[in-house]
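Accompanying notes for the structure given below.
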């Protein structure tokens, strides 16, 4: 895989408690996405948070990795649903991301549960975002096969 570089732009106005900001991807795929401290703490409707974006990034990376492993094994997925929950907690007086909890639900033909779980483990081991998160937090991946 070639070297990949992506960028985003963040603007913020005001203090942390009452301020707000906007996120944008330099590709133009998302622009002016609002975020704030209340959205970070209370899942405020219509605004995102860094944790939600990390969950989406980890889920997207892992979905591609699982699809790749299944395809290499001769059983490309019909459908993958990946749900990621990023957990932040207070540790030694600081707020840290302490875990990423992942559920992979897949519809795949021609594979048994044991082989599927093995391939999901391989995909997790190959996922750059799983590596990144594991540098300072735990990653738990649960896989469920819904064979057709």
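The values are calculated or read from the model by the stated rules, or taken from the named source; none is laboratory data. A quick note: this is a predicted structure, and the numbers were derived from the prediction, not measured. Because the Cβ atoms are built from the backbone with ideal geometry, glycine has one as well, and the counts that use them run over all protein chains shown.
If the requirement is being in contact with a strand residue (DSSP E or B) (Cβ under 8 Å, 6 or more places away or on another chain) and on the phi > 0 side of the Ramachandran plot, which of these qualifies: 46, 59?
Unique residue meeting the criteria: 46.
Hey, any hits in the range 47-56 for a residue that's in contact (Cβ under 8 Å) with a residue 40 or more places away in the chain and within 25 Å of residue 77 (Cβ to Cβ)?
Checked against the condition, which is being in contact (Cβ under 8 Å) with a residue 40 or more places away in the chain and within 25 Å of residue 77 (Cβ to Cβ), the range 47-56 yields at least one hit.
Given (1) surrounded by fewer than 16 Cβ atoms within 10 Å (Cβ to Cβ); (2) more than 14 Å from the chain's Cα centre (by Cα), identify the lone condition not met by residue 73.
(1)
Take the conditions over 19 Å from residue 127 (Cα atoms), crowded, with 16+ Cβ neighbours inside 10 Å and either in contact with a strand residue (DSSP E or B) (Cβ under 9 Å, 6 or more places away or on another chain) or in the same structural domain as residue 130 (by TED's automatic domain parsing) (or both) and apply them to residue 65. Does it pass?
So residue 65 fails the test.
Answer yes if at least one residue in the range 102-115 is closer than 30 Å to residue 12 by Cβ, under 11 Å from the mean Cα position of the chain (by Cα) and modelled with pLDDT of 95 or more, and no otherwise.
Yes, because at least one residue in the range 102-115 is closer than 30 Å to residue 12 by Cβ, under 11 Å from the mean Cα position of the chain (by Cα) and modelled with pLDDT of 95 or more.
Return yes when residue 76 is in contact (Cβ under 8 Å) with a residue 12 or more places away in the chain, under 30 Å from residue 22 (Cα atoms) and not assigned by TED's automatic domain parsing to the domain that holds residue 29 and no when it is not.
no
Where in the range 29-142 are there strands (runs of 3 or more DSSP E), lying fully within it, with 1 or more residues that are in contact with a helix residue (DSSP H, G or I) (Cβ under 7 Å, 6 or more places away or on another chain)?
Qualifying strands (runs of 3 or more DSSP E): 77-91, 94-108.
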